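See structure below.
Derivation of every value follows stated rules applied to the coordinates shown; laboratory data play no part. As the structure is a computational prediction, the values presented were derived from the model and not from experiment. Here the Cβ positions follow ideal geometry from the backbone for every residue, glycine too, while neighbour counts run over all protein chains shown.
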Amino acid sequence: MVPYCNHLDWEPMNPIITIVTIVKDHVIGLRETEESLFSQDFQNWQQVIVVGKSLDSTLLEAQAYSILDRRIKVIEQKEVGIYNAMNVGILECTTEYVWFMNGGDKFFSNVSLKNGLSQIFGKNLSFIVGGYQIENGSKNFSQKPKFLSQLHFALNRKSGCHQSMIFRTEDLKKIGGYDQRWVFAADYDACLKLIKNSSARSINEILALIEPGGVTDQSLKKMHFEKQKIRDELFAGRLLHLTASRLWFYLALLNLGLKRRSG
C-alpha cells in the first residue's frame with residue numbers, strides 16, 4: 001500500500017534535479033526510497049522511476065506513486081540491465097542535475113538532498129561524490145574534500161557509489177550516458193570520462209544509506225577485471241598511468257584473495 005503523501009496539489013516550478021530510481025521485483029525497497037525522498041526538506045525535485053520486468057507488484061506500486069504526485073514519472077524498461085535502465089532515466093531528465101537513488105537505497109538524512117545540491121549548484125562541476133553508509137552497518141565511507149583527478153579517482157578504494165553522487169545532466173548526456181559494454185563498472189567508466197572532460201569534487205558530507213548485497217558486491221573479482229579493462233582503454237598511451245593502474249589491479253586481487261581465505 002502506498003503511504004499517504006501531502007504533495008497532491010503541488011505544482012513543480014522549474015525543478016532543478018531529477019531523482020532516477022531503478023527498481024525491479026522490490027516493492028518494499030521502492031516504498032523505503034519514496035518515503036526517504038518525500039521526507040526531504042528540499043522539495044523542488046522531479047523523479048523518474050524505471051521499472052524492470054517484475055514478477056511482483058513493483059510496477060503497480062510505482063504507478064500509484066505517480067498518480068499521487070505529479071512530479072513522478074514511471075517508465076517500463078523494455079530491455080534489461082541496470083545501466084540500460086539508468087540510461088533510460090537520463091533520457092527522461094530535463095533538469096540541470098540528476099541523482100540515481102535505486103529502489104531500497106535512501107538519503108542519509110532529511111537534509112541530504114539540500115546539502116548535496118548546495119555543493120554542486122552554480123559550480124563548474126560535472127559531478128560531486130559524497131560519503132555513504134551501508135544499511136545496518138556502523139561504518140561510514142566518507143570522502144575528503146578535494147578536486148578529483150582521473151588517476152586519484154581510478155586508484156581509490158573508496159571512490160564512492162552512484163547513490164552518493166550528483167551529476168550535471170548535460171555532461172552525462174554528452175558522453176552518451178553509461179557504456180553498456182560494462183556489466184559491473186559502467187558508472188566507474190562514466191566518472192573517469194567526466195573527470196577528463198571537466199571537473200569533479202569529493203565532499204565530506206554523508207549523502208546515502210545503501211542497501212547491502214548489490215550485484216557488484218556479489219561479483220567483486222569480475223568488477224576488478226572490468227575496471228582494469230576500462231583503465232587500459234582510458235589510459236592508453238600514458239605509461240605512468242598504465243603502470244600504476246596494473247600494479248593497483250594486482251594488489252586489489254591479492255587483497256581480495258586474502259580476505260576470502262581469512263573469511
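Given the choices [x] 18.1; [y] 14.2; [z] 18.9, mean projected area of the Cα convex hull in nm² derived from the coordinates of this structure is entry [y].
Only Cα pairs under 8 Å and at least 6 apart count here; give the relative contact order of region 123-263 as a rounded whole percent.
32
Here the calculated FRET efficiency for LEU91 and VAL183, from their Cβ-Cβ distance with R0 = 22 Å, stands at 0.60, rounded to the nearest 0.05.
Relative to the longest principal axis of the Cα atoms of the chain, the long axis of helix 186-197 makes an angle of roughly 80 degrees. Using just its DSSP H runs of length 4 or more, each adding -39500 (n - 2.57), the chain gives a mean residue ellipticity at 222 nm of -12000 deg cm²/dmol after division by all residues.
What number, in percent, do you get for the relative contact order of region 17-213 if the mean sequence gap of Cα pairs under 8 Å and at least 6 apart is divided by its residue count? Display every interim value, and only then the final one.
Numbers: 413 pairs, mean separation 52.9, N = 197.
Once normalised by length, the contact order is 27 percent.
Among the listed pairs LYS53/LYS73; LYS114/LYS196; LYS196/LYS222, a Cα-Cα separation exceeding 21 Å is found for LYS114/LYS196; LYS196/LYS222. Seen through its C-alpha gyration tensor, with square-root eigenvalues sorted a ≥ b ≥ c, region 115-263 comes out oblate because a/c lies at 1.5 or above while a/b is not bigger than b/c. The 3J(HN,Hα) values that the Karplus relation (6.51, -1.76, 1.60; θ = phi - 60°) gives for region 167-172 are, in residue order, 10, 7, 4, 4, 5, 4 Hz. Gly and Pro appear as x.
In region 219-263, how does Rg compare with the Kirkwood Rh, expressed as the Rg/Rh ratio over alpha carbon atoms? All intermediate terms of the calculation are to be shown ahead of the outcome.
Details: Rg = 11.8 Å, Rh = 11.1 Å.
That ratio is 1.06, to two decimals.
Restricting attention to the chain, close to 30% of DSSP beta bridges with both partner residues there are antiparallel. Here r is the Cβ-Cβ distance between THR243 and SER199 and R0 is 25 Å; the resulting FRET efficiency, rounded to 0.05, is 0.45. For ASN136 and ASN14, the FRET efficiency from 1/(1 + (r/R0)^6), where r spans their Cβ atoms and R0 equals 35 Å, is about 0.40.
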